[in-house]
1. With a point put 7 Å past each Cα toward its Cβ, work out how far A:Asp79 is from B:Ser52 in nm, to one decimal.
2. Pairs of Cα atoms under 8 Å, at least six residues apart: use those to get the relative contact order of segment A:42-165, whole percent.
3. From the square roots a ≥ b ≥ c of the eigenvalues of the alpha-carbon gyration tensor of chain B, which class results: rounded (a/c under 1.5), prolate (a/b over b/c), or oblate?
4. As an exercise, use a Förster radius of 41 Å and the Cβ-Cβ distance of A:Lys285 and A:Ala182 to find the FRET efficiency, rounded to the nearest 0.05.
5. How large is ³J(HN,Hα), in whole Hz, for each residue of segment A:156-163 in order, when computed from phi with the Karplus curve 6.51 cos²θ - 1.76 cosθ + 1.60 and θ = phi - 60°, using x for Gly and Pro?
6. Which aspartates and glutamates have a Cα lying under 17 Å from the Cα of A:Lys96, excluding residues fewer than 8 positions away in the same chain?
7. What FRET efficiency comes out for the pair A:Glu319/B:Ile259, r = Cβ-Cβ distance, R0 = 56 Å, nearest 0.05?
8. Taking H as built 1.01 Å from N, whose amide H comes closer than 5 Å to the amide H of A:Val215, not counting residues under 5 places away?
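We did not get these values from a lab; they are worked out from the coordinates using the rules stated. Because the structure is a prediction, the values reported are computed rather than measured. We place every Cβ from the backbone using ideal geometry, glycine too, and count neighbours over all the protein chains shown.
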Amino acid sequence: MLGLDHKPWLLILTITLATALLGCVSQPGDPLPTQKTTKPWLTIEDDLGREIIIENPPNRIVSTAPSNTEIVFAVGAGDKLVGRTDQCDQPEEAKKVDSIGPYWGPSIETIVAKQPDVVLTTGEETTRKNLIEPLASRGITVVALSPATIDDVLRDIEMVAKIVGTTETAKRVLQQIETKRAEVRGRVSTLREEERKSVLLIWWFGNEIWTSNGVFANNIVEEAGGKNVNLGFTGYSMISKEALLKVDPDVILYPDDMLGGKSFYNLLSSDDALKHLSAVKNHTKKCPTVIPIDANLLSRPGPRVAIALEEVSRGLYPELYGKSCPVAKKIEKN
Amino acid sequence: MEKAVRWRKRLRKIDIQHLKPGKTRVIIVLLVLLFASVCLSLSLGHVQISLSCVAEAVLAPNKASSCSVGDLVIVRSIRFPRIFVAILVGAGLSVAGAGMQGLFRNPMADPYIVGISAGAALGASIGFVFHLHIMFVSLVAFTAAMCTSLLVYSLARVGGHVPVRNLLLAGIAVGYFLSAITMLIMFLARKEVQQIVFWLMGSLSTSDWTKLQYALPVPALGGAGVYTHARELNILPLGEEQALSLGIDVEKTKRYVLIFSSLITASSVAISGVIGFIGLVTPHMVRLLVGPNHKVLIPCSALLGAVLLLWSDTIARTIIPPVEIPVGVVTALGGGPFFVYLLRRGKR
């Protein structure tokens, strides 16, 4: 500070230089060659409500999320995919496509170098800031997919199909999903209201316990016949052990990769407090109530949504799928 | 020589003074306060539990009761062990803080001053990255913290001496270095970054009886160790030469106080993550109450530290249910302004 007091001109010079430099780096008014007069091929509104103009049918697609990659392959445009993330492992062919970095932080440079016609991203706030805006400012067409329900997923599959021009293939895919969905719905509809089980999704169990409410996976639970316990928030949040004991769900679902393949039931039943949970007490090997679900199915809003729906429903109500399990009674809690 | 005799007389006087009735009263008040805090904390939480149910849960384990099973479980298996851990860690950090402040003759010294928190954080990060069980994460953190402390001690050593200034600077340098490695790990292991960050903020939420059982002996030993050096800590402020002439082995004192304080701090960090400010502020508060004699300062710090951390944790787990905020946030939010107040007061 002292040095600057003596030489105010130095400070002024530094600031001027810095401003000038900044000015050079970011020129906000960069004119983009968008003022073509020819009619664009397609205009759509993406999940963030942005109006997207797609000039020509895209030949080069980059996906920045595993669910998007699955959708692209499902609608039969896998051969047009030129970039995917490290985590995009489904379907098997996806692994042959070049990676643009990890899902949580793909490299913008690599994406740009792929010269994509369309980039399919997710819609979170961080993605918008770190990915969508920088790409859009470079004149790249970005479409954000941010489905929160099964219906949203179906709509997004349709939208991607429209963009790549394979609406016929998509129709078949959607038909298959709807058939399976209807089958699950048929089975679950026989349940009386009091037979529906309360369900808690636990995403992480360690120093903190993470759970969710109102996200895509919760929608699957709801449609699979379960009742999400209400903890008074939407989105992902931590909860205390006390809160867990208070809501005392009938069934606990967790992603199967959560404990590196170890049984969550074993962990819970060795906990002094949590072994008193109904879901832990009622758990048996044949009819489990602490149930692992394929992590990718649960967290990827993609074309395998119907499979996820069936797996969850089968876990919640094995008796509806031909297993002889006692219809679990809630243990009396005074 | 004459001077030495005079000092010795004065010291004996301090020894006798430390059990003046006024100071005993402070200890009794703190004990009562701690007991009341425990009772209240047991009944407060996401689920409100009446004091009679709390009493039943704690005192009459086998009686058929009117309280719900869930409430009894919450009191016995969640809140009770957690409260014990809060007391243990709060008392431990405060005693370690008092020890470090006495050792460094510096009011800014706290239990983490020799880079223990940075070492523990690195250890814990490595544990998280390798997906170790929480128990082993604690063990790795503890080991790393102790190694850091010993490293700093040996770096600060010049010949047979360990000048306090060197210790301070070596602590800062090593701390920054280890923090940089931790940051690198956090940057590269994005999947685990959240766990590491939460751990760094300090939390008592995983406390249970087993953890307490394993954790109890180390801080207890450390606390006793620091207390046995209370007399030496009283004399150190006179200057090292003065202390030497009074027949005190200054280097030995430094070594032992550092080791015992490190043992307490390392085990506390391993149990509950990095909880700041308790170890810094409590000894200062106690000094205002009972004066600088370490024979009183250390036990009173333990009691007040226990009460303060217990309340901080009670606030942390009740303020926005069903979420528990990290207790380190609460202690820093409360402790920061209070420390500024102390500094301003001291200036006047």
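1. 7.9
2. For segment A:42-165, the relative contact order is 30 percent.
3. Oblate.
4. Efficiency at R0 = 41 Å is approximately 0.85.
5. Values per residue, Gly and Pro as x: 5, 4, 4, 5, 4, 4, 4, 4 Hz.
6. A:Glu70, A:Asp79, A:Asp86
7. 0.35
8. A:Gly235
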